[in-house]
Each structure stands twice: as C-alpha cells, then as structure tokens.
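What follows is one structure encoded as structure tokens, with my remarks underneath.
Derivation of every value follows stated rules applied to the coordinates shown; laboratory data play no part. Please read these numbers as outputs of a predicted model, since none were measured by experiment. FYI the Cβ positions are ideal-geometry reconstructions off the backbone, even for glycines, and counts take in every protein chain you see.
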Amino acid sequence: MQVLTLEQLSHSYQTQDGRVLALKHINFEVRAQESVAILGPSGAGKSTLLQIIDGLLKPTEGSVYIDGNKLEGPREHTALILQDLGLFPWKTVLDNASVGLEVRGMSKAQAHKKAREVLKKVELSHVEKLYPQELSGGMKQRLAIARALILDCDLLLMDEPLSALDALLRERMQNLLIEMQKEYKYAQIIVTHSIEEAALLGDKIIVMDEKPGQIIDIISNPKRGESSYRDSQEMYMMTKLLREKLKSSLGEDIHE
Ligand code: ADP
C-alpha cells in the first residue's frame, strides 16, 4: 500500500430512535509506513471509522481508496486489532500466532516456523505452549500484535489496544509498537483517547469530536520519531496543543 485515502466519508446507523450520524465528511490520507493516531472522546465514531477502513462496514456516503482503488471489502494485507484482541482461547500461543497462515493454505509446519520467528520478536517464545487465559495482559497484547505481523500486513489498525494495561506496561507496549513498526515498515492507525499516547505514536494526529463524529483538526508531529521524544519539550508542547484542541469537546473520558 502506498496511500490510503478517505474521501467525504459519512456513516449513519439506523436505530429504533431514527438515524444516528456517527461520522460526517471525513477526509484524510495515510501514506505507506506512516503512523496515524486518532484521538477523540467516546462516541466520536473512531471504531466505526476503523471498521470502514478494514472493509467490514460499508460507509453510507463517500469512499475509501487504497492506491486509487475503491475498497469493497476486507483485504489481505490489512490487520485489525480490537480491544478484546480476538484470541482463540482453545488454541495455544503458537497456534494462535500461526492460524492466519494456515487459513491461507500454508502447511502447519511452515506456519509454525514463521510464527516462532515472530513470537521471538515480541518475546513470547517461552510461552508458546500456553493458552491465552494463562497469559498476562501485556503478553496477550504482544500475541495479538504477533498475529498481525505474521500476515505481512502493510496497514495495521488498532482500536484502543493498550487501554486495559497499567501505566508502566503501557509504556513498554508503546515502545514495542514503535519498534515493530520501524522493523516491519507497515502503516498504522491507532485509535486512542489518551492525549499522551496520540502524541507519542502519531506522525499525524487526527483530532475528532462527537455528535456527529467529525474531524476538528489534523496535526503533524514530525519530531515524534526522534530518540528520547517521550521526555522532550516537543512532546510536552504537543500534548498541550492537543489538550487545547480537545477543550471544546472535553469529555470525562479524556485523560493524559
Ligand atoms: P467511538 O469509537 O469513538 O466511541 P463509535 O464508532 O463506537 O465511536 O460510535 C459512534 C456513534 O455511533 C455513537 O453515537 C454510537 O452510539 C453509534 N453507534 C456505533 N455503533 C452502532 C450500531 N451498531 N448501531 C447503532 N449506533 C451505533
């Protein structure tokens, strides 16, 4: 994928009380290897947006294009990690990691070989025989990431993947996401309602508001890839700017 383009995208849901406009006139672009953070309060349409980009949901208006081709459904090289991670409880860590390859027709032995390589990257080799329910929260996250990496995704979509983790573990996982993206060179879109996480992970930060879900601003964050950015003045200024942008719509679920 060279470029993902969203053009005049709107989506409404039909409910018992009538139509709910979840997204209104969304326009933006994501380039190959770019990391985009989407920041906004609950109800801003962030999950709806990810499902549309994944091809699971058809927008009621507008279109998604990948390299100029209109997206008509899920595609092979897009991976989506949802909040519940979608791990199979009856499969071991190794089988969870390799199942996607087997579904694509790879032999079990070959799939296991490739899965072991990726499990090593995310430091899960020592638990390959365990089941998801035997893992810690951070390990489950790493397994979900491994599952996406193994499929050679060029676009990784993540819906609040780190929100269930405590602060220190979250920091480690953020570093892992930064490292893996550098190494595997995919584009990523990460939905978050943490201001700090958006500043840390987004080359570009899309700030959204609710009712209807719309983009307030798109802010570029060119310094974020630099070493020691986390503790830098630039990071501090970026979180300040994002907080100001969100002020008009500041809901109680916005935190730093
Ligand atoms: P976010 O992820 O930012 O919290 P969502 O995309 O989940 O936002 O929801 C955006 C709006 O669409 C909300 O008002 C929500 O209630 C509504 N919505 C989401 N999914 C559905 C659905 N399946 N049916 C009806 N309304 C929905």
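For K247, which lysines qualify as cross-link partners when the Cα separation must be under 16 Å and same-chain residues fewer than eight apart are set aside?
Within reach: K211.
In vacuo Debye scattering of the range 81-152, one point per C-alpha: log10 I(q)/I(0) at q = 0.13, 0.21 Å⁻¹?
The calculated log intensity ratios at q = 0.13, 0.21 Å⁻¹ are -0.29, -0.79.
Using just the Cα positions, wrap the range 16-96 in a convex hull and report its mean projected area in square nanometres, one decimal place. Write out the running numbers ahead of the final one.
Numbers: hull surface 32.4 nm².
Across all orientations, the range 16-96 yields a mean hull projection of 8.1 nm².
Add +1 for every Lys or Arg and -1 for every Asp or Glu among the other residues with Cβ under 13 Å from the Cβ of A109, and state the total.
Working: positive: K108, K113, K114, R116; negative: D95, E102.
Result for the neighbourhood of A109: +2.
Determine the gain in length on full extension of the stretch L168-S125; use 0.36 nm per residue of separation and subtract their C-alpha separation, reporting nm with one decimal.
13.3 nm
Using only DSSP helix segments of four residues or longer, with each worth -39500 (n - 2.57), what per-residue ellipticity at 222 nm results for the chain after dividing by its residue count and rounding to 500? Don't jump to the answer; show the numbers that get you there.
On the way: 7 runs with 87 residues, N = 256.
Computed mean residue ellipticity for the chain: -10500 deg cm²/dmol.
Alpha carbon centre of the range 197-233 versus the range 45-114: separation in Å?
When both Cα centres are located, 25 Å separates them.
Where does the range 154-256 land on the Kirkwood hydrodynamic radius, alpha-carbon pairs, in angstrom? Could the numbers behind the result be given before it?
Values: mean 1/r = 0.0700 Å⁻¹.
Over the range 154-256, the inverse of the mean reciprocal pair distance is 14.3 Å.
Kindly give Rg over Rh for the chain, based on alpha-carbon atoms, with the Kirkwood expression for the hydrodynamic radius. Before the final figure, lay out the partial values.
On the way: Rg = 18.3 Å, Rh = 18.9 Å.
Radius of gyration relative to Kirkwood radius: 0.97.
Which links in K113/K182; K70/K182; K24/K182; K24/K245; K108/K182; K58/K113 stretch past 26 Å when you go from one Cα to the other? Could the numbers behind the result be given before it?
Values: K113/K182 23 Å; K70/K182 28 Å; K24/K182 33 Å; K24/K245 18 Å; K108/K182 28 Å; K58/K113 36 Å.
Result: K70/K182; K24/K182; K108/K182; K58/K113 exceed 26 Å.
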